[in-house]
Amino acid sequence: MPIFYTPTLTFSSKELTISNSEFKHIKNTLRKKIGDILVTTNGKGLLAECVITDISARSMILEVQATSTKEKSHPHIALAFSLLKQHNELIIEKCTELGIYEFFPFFAERNVKTSLSTHQFERLEKVAIAAIKQCDSVHLPKIHKPLAFKKLLENLSQNYYPVLAWEEENRQGLHEVLEYANKDICLIVGPEGGFEKQEVDFAKEHSTQIVSLGNHILRAETAAITIAANTIFYQLERDSAFY
């Protein structure tokens, strides 16, 4: 059953009002009627089974029948990515579907894109909402406001095990460093032109592991999706070994 995003949902909610695009999708596309069951989430792990009790021209009322929670999987995996001229929405969409819980956009030395407007940022948030609905997730990832790369690294190293993909690395693979991760992981991919060596050196100084993603030079958006998919697969494979 499809999941609908209702950020106002809480444990104590008895009724919910749905309007705007969600309302139009439910009423006009899915043709839901009074008495039909819907499943909603607030994007923070809370899930609610609801019944439609009223439909007007611009909104509908849901009665909450039951609620449940779903914990995030561990470790939490974040992605820091250099904002690209294009394909930022693709990165958010696909990596959200894969299970990335937090995004840290940044600006590196070789960035083609050097700013992100309020409208563009809000668009990324909308893409993330659509992605959790697509994959029936109850956890909406947090998208942080962009920072300069070095400033971001100073913040990341305090709370994350940072792993940076660099095309010039030829000694260390992704799975080799994931084996030693002792806290939540933040994957890092660079801009269209790659990282400057001084940026990689700075990352090393801030406890970042540098890894190769293979023999091929990947487009930046491909690298982001590849490192996310490989990391999540590795974690699932490692966790299953304990059962």
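The values are calculated or read from the model by the stated rules, or taken from the named source; none is laboratory data. Because the structure is predicted, anything quoted here is derived from the model rather than measured. Don't worry about glycine lacking a Cβ; one is built from the backbone with ideal geometry, like all the others, and counts go over all protein chains shown.
Numbers for the structure displayed
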| item | result |
| --- | --- |
| Filtered residues of region 152-167 (kept if in contact (Cβ under 8 Å) with a residue 12 or more places away in the chain and outside any strand (DSSP E or B)) | L152, L153, E154, L156, S157, N159, Y160, W166, E167 |
| In region 170-217, residue modelled with the lowest pLDDT [restricted to those that are acidic (D, E) and within 23 Å of V112 (Cβ to Cβ)] | E192 |
| Conditions (1) modelled with pLDDT of 95 or more; (2) touching a helix residue (DSSP H, G or I) at 6+ places or on another chain (Cβ under 8 Å); (3) among the charged types (D, E, K, R); number of the one not met by R58 | (1) |
| Every pair of residues 6+ apart whose Cβ atoms lie under 8 Å, when the first sits in region 170-183 and is among the charged types (D, E, K, R) while the second is modelled with pLDDT of 90 or more and in a loop (DSSP other than H, G, I, E, B) | K183/Y160 |
| Restricting region 126-141 to residues that are outside any helix (DSSP H, G or I) and not aliphatic (A, V, I, L, M), the residue that is farthest from F4 (Cα to Cα) | P141 |
| Filter result for E196 (out of contact with any Pro (no Cβ under 6 Å at 6 or more places or on another chain), touching a residue at least 60 places away in the same chain (Cβ under 8 Å) and farther than 23 Å from Q235 by Cβ) | yes |
| Those helices (runs of 4 or more DSSP H) lying entirely in region 170-243 with at least 1 residues farther than 19 Å from L152 by Cα | 174-178, 220-240 |
| Among the candidates I37, I52, I92, residue that is assigned by TED's automatic domain parsing to the domain that holds D136 and without any contact (Cβ under 8 Å) to a residue 60 or more places away in the chain | I92 |
| Residue in region 6-17 that is charged (D, E, K, R) and either farther than 30 Å from F149 by Cβ or assigned by TED's automatic domain parsing to the domain that holds W166 (or both) present | yes |
| Residues of region 91-117 that turn out to be surrounded by fewer than 22 Cβ atoms within 10 Å (Cβ to Cβ), under 8 Å from the mean Cα position of the chain (by Cα) and in a loop (DSSP other than H, G, I, E, B), as a count | 2 |
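Yes/no matrix, rows are residues, columns are (1) over 30 Å from D184 (Cα atoms); (2) under 25 Å from the mean Cα position of the chain (by Cα); (3) surrounded by 14 or more Cβ atoms within 10 Å (Cβ to Cβ); (4) modelled with pLDDT under 90:
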position	(1), (2), (3), (4)
L16	yes, no, yes, no
I37	yes, no, no, no
L46	no, yes, yes, no
C50	yes, no, yes, no
S68	no, yes, no, no
E71	no, yes, no, yes
